[in-house]
1. When ligands, DNA and RNA are left out and all protein chains stay put, how many square angstrom of accessible area per residue does region 52-170 have with a 1.4 Å probe?
2. On the protein heavy atoms, probe 1.4 angstrom, tell me the percent of accessible surface of region 77-142 carried by carbon and sulfur.
3. Are there trypsin sites (Lys or Arg not before Pro) in region 110-170 that DSSP puts in a loop and that have at most 10 other Cβ atoms within 10 Å, and which ones?
4. Can you compute the radius of gyration and Dmax for region 56-170, using only the Cα atoms, both in Å?
5. Note down the nm distance, to one decimal, between modelled labels 7 Å out along Cα→Cβ at Arg38 and at Ile151.
Amino acid sequence: MWRVFCAVLLVLSCAAGTSLQSVAAADSLEEAEFAYERGEYTQAARLFSPLAEQGVASAQFYLGLMHEKGRGVRQDYPTALTWFRKAAAQGYIGPQNNLGLIYEMGRGVRKDLVRAFMWYHLAGALLPGDDGKAALKRRDQLSSEMTAAQIEQAQGLIRRCQQSQFKQCD
């Protein structure tokens, strides 16, 4: 009877387009998120890493956060930037604000107000509620430090990024 149950479960999973591997990945992602929320950052990093390598955008975002803040891993802005870019390239909502901050402050990259403006604008358009409003406020504050040509350049980058569905943002 157990074999029949397992066989039926396998057939239903395949018919639904769900592989056992994706079910296991979902469980691992949930386990990693719980570890992160509990403050078990080393464990969370260990669980997020293979998922991020497999292209799971939320895992990439979490690893970016962890590298940005030095939680469970060595603080490393260039690595944070890499993970944030990968998550953003998939249209994942979240890393845009972090990317704006990295470029604004020059953390692991050359300070770039044009790119910071672009990422804050995108964050403002994508993030709901107060987070989106805060990103737009930061974008507006940056514009006071920029020339008209820089703002125009940023707007061109925004259009290119949106038209490419976040594939060509840098």
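The values are calculated or read from the model by the stated rules, or taken from the named source; none is laboratory data. Computed from a predicted structure; not experimentally measured. Neighbour counts are summed over all protein chains in view; Cβ atoms, including those assigned to glycine, are modelled from backbone coordinates with ideal geometry. The accessibility values were calculated without ligands, DNA or RNA, using every heavy atom of the protein model including side chains. Shrake-Rupley method; radii C 1.70, N 1.55, O 1.52, S 1.80 Å.
1. On the way: 5910 Å² over 119 residues.
Per residue, region 52-170 has 50 Å² of solvent-accessible surface.
2. Values: 1480 of 2890 Å².
Exposed carbon and sulfur together represent 51 percent of the surface.
3. On the way: sites: Arg110, Lys111, Arg115, Lys133, Lys137, Arg138, Arg139, Arg159, Arg160, Lys167; in loops: Arg110, Lys111, Lys167.
Of the trypsin sites (Lys or Arg not before Pro), the ones in loops of region 110-170 whose Cβ has at most 10 other Cβ atoms within 10 Å are Arg110.
4. When restricted to Cα atoms, region 56-170 yields Rg and Dmax of 13.2, 42 Å.
5. 5.0 nm
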